[in-house]
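K.L.:
Got a structure for you, questions after.
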Amino acid sequence: MKRQWGEEEIESSEISEVEVRVEIKYLEGTRTAITKDYSAVKFDINVNMEEQERKGEQLIINFHLSINTNPSVAKFEVGGTVTLIGTNKAIDTVLAANPETQVPPILHMIYQKVFTSLFLLSSLMESPYPPPDLLYASKGKRSTPMVEEKKLEEAPRAEKQTIAQGSQQTEQTKQQ
């Protein structure tokens with residue numbers, strides 16, 4: 001099966017011939033504000049990918065994704081390494097940017113792997129989550145809040161709660 005991106009045709013089989021291993025080294029989320037209406041929240045993503053090492057038919061890339069909301073409600077940072085194993089031609093195909101979107105297939109593969117972690121983190125933070133199709137949409141936007149989020153809004157919330165890394169240490173909490 002062939003896909004056409006711009007003037008160049010790319011074999012889908014070349015992309016599937018590459019083994020992709022994503023290792024998340026850090027995942028961070030910060031809730032900067034509270035909002036009840038997630039429908040107005042849009043997501044901006046900044047990506048940094050750097051080649052770390054290339055040996056034969058293996059390429060290791062460091063990646064960093066920074067995802068911010070507009071208006072500022074939450075910020076997510078995720079980074080790690082991705083290892084590509086396959087022929088040099090297949091690896092180059094995965095790294096080549098789509099001329100229309102300027103997004104290479106490897107970026108979609110990385111985002112698919114880290115999305116679940118981002119979703120879980122945003123759920124713990126009670127903040128909007130980035131959409132699974134963020135890289136496909138020109139502007140990531142979530143139109144309606146999830147049913148569970150509506151239930152959370154009705155439930156009492158703890159204020160000034162801090163969870164320390166490695167332990168669940170809680171500062172003074174007050175119920176609303």
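K.L.:
Which residue out of Lys89, Lys75, Lys55 is under 17 Å from the mean Cα position of the chain (by Cα) and of a type in the set (Lys, Arg)?
P.N.:
Testing whether each residue is under 17 Å from the mean Cα position of the chain (by Cα) and of a type in the set (Lys, Arg) leaves just Lys75.
K.L.:
Here's a follow-up. Scan the helices (runs of 4 or more DSSP H) fully inside region 61-176 and keep the ones with 1 or more residues being touching a Gly at 6+ places or on another chain (Cβ under 9 Å) and at pLDDT 90 or above.
P.N.:
88-95, 105-125
K.L.:
Still on this structure, I have one more. Looking at region 14-60 only, could you name the residues that are more than 29 Å from Glu126 (Cα to Cα), part of a strand (DSSP E or B) and of a type in the set (D, E, K, R)?
P.N.:
Those that are more than 29 Å from Glu126 (Cα to Cα), part of a strand (DSSP E or B) and of a type in the set (D, E, K, R): Glu19, Arg21, Glu50, Glu51, Glu53, Arg54, Lys55.
K.L.:
I've got another one for you. Please enumerate the residues belonging to region 90-134 that are closer than 27 Å to Gly56 by Cα and aliphatic (A, V, I, L, M).
P.N.:
Ala90, Ile91, Val94, Leu95, Ala96, Ala97, Val103, Ile106, Leu107, Met109, Ile110, Val114
K.L.:
Collect the residues in region 25-62 that are acidic (Asp, Glu) and without any contact (Cβ under 8 Å) to a residue 12 or more places away in the chain, keeping them in residue-number order.
P.N.:
Scanning region 25-62 gives Glu51, Glu53.
The values are calculated or read from the model by the stated rules, or taken from the named source; none is laboratory data. Predicted model only: the values in this text are computed from it and were never measured. Cβ: placed from backbone, ideal geometry, glycine included. Neighbour counts: every protein chain shown.
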